[in-house]
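These notes concern the structure reproduced below.
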Amino acid sequence: MRISRRLAPVVLLGVLALAGCGGGGTQADGSNPAPPPTATDTATATATATATASVSPSPTEAPAETPAATVSATPDPVMPALHSRTYEDARAELTRQDISTARLTAAARHKDVTLPRDHDDWYICATTPRPGAVLTAATTVTVRLAEDFSDCTTSFHGYLHQKNDPAYTPPAPKPKPAPTTQAPAPAPPAGTSMTTCPDGKQGYACTSNGHPVVDGQFCPKADRGRTLKATNGTMVTCSYDPSVTPYRWQ
């Protein structure tokens, strides 16, 4: 039994007192009395009890804990750049980056265009999320497609054709010109407008052999006595001049 340091002297004195009492009883029986304890014996006993009480067992050290192994988590992938690629190329790129194609969703770029079932060769105009965004396990990748890549930049409030836009107002038709009440201009008299002769040249009149009438030129025998308008605008007659032979337009 462990004795407290404070109680050790008290216990020792009690033991000595009992020893003294025991000695008195022996004396009453006629025996020799026990000698009383000396100061040296008392000090020795007190020191021994104090030392005994001060000694306590050392606590048992607990074993050191082994640190748990650190497991590094795989980072989430990021959205690749798919703009201007075909839908088929987009699927191949996601597969290359170990991104499940099951999260890939396709839609038409324009509201008035129906996406066909086979759209592998359609072009990607835009993606959601944007390139570089982190793709968590719950993120869905949506691509907007157009049959022709040039249509990606054409949009009338989300419609490919402006006439399909409900906000579009077509221009008012141009008014028809009012019917004229003026009388038509009279036709010019014969011989007052240029004509094309059989030889392809222009003139007011043509000779019997198919040339324009030219003032001063020779005239064929069939035109003798005829009066026609020459290319210079004067009226000439195929006639004979004694001073000039043969007949001329004059």
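Read-outs: derived from the displayed coordinates by stated rules, not from any lab. As the structure is a computational prediction, the values presented were derived from the model and not from experiment. Cβ: placed from backbone, ideal geometry, glycine included. Neighbour counts: every protein chain shown.
Distance between the pseudo-spin-label points of A178 and S84 (7 Å out from Cα toward the beta carbon): 5.8 nm. If R0 is taken as 22 Å, the Cβ-Cβ distance between A107 and T154 corresponds to a FRET efficiency of 0.85. Name the shape class, rounded, prolate or oblate, that the alpha-carbon gyration tensor gives for region 70-118, where a ≥ b ≥ c are the square roots of its eigenvalues, rounded holds for a/c under 1.5, and otherwise prolate holds if a/b is larger than b/c and oblate otherwise. It is prolate, given that a/c is not under 1.5 and a/b is the larger ratio. Placing pseudo-labels 7 Å out from each Cα toward the beta carbon at T140 and R96 gives an inter-label distance of 2.7 nm.
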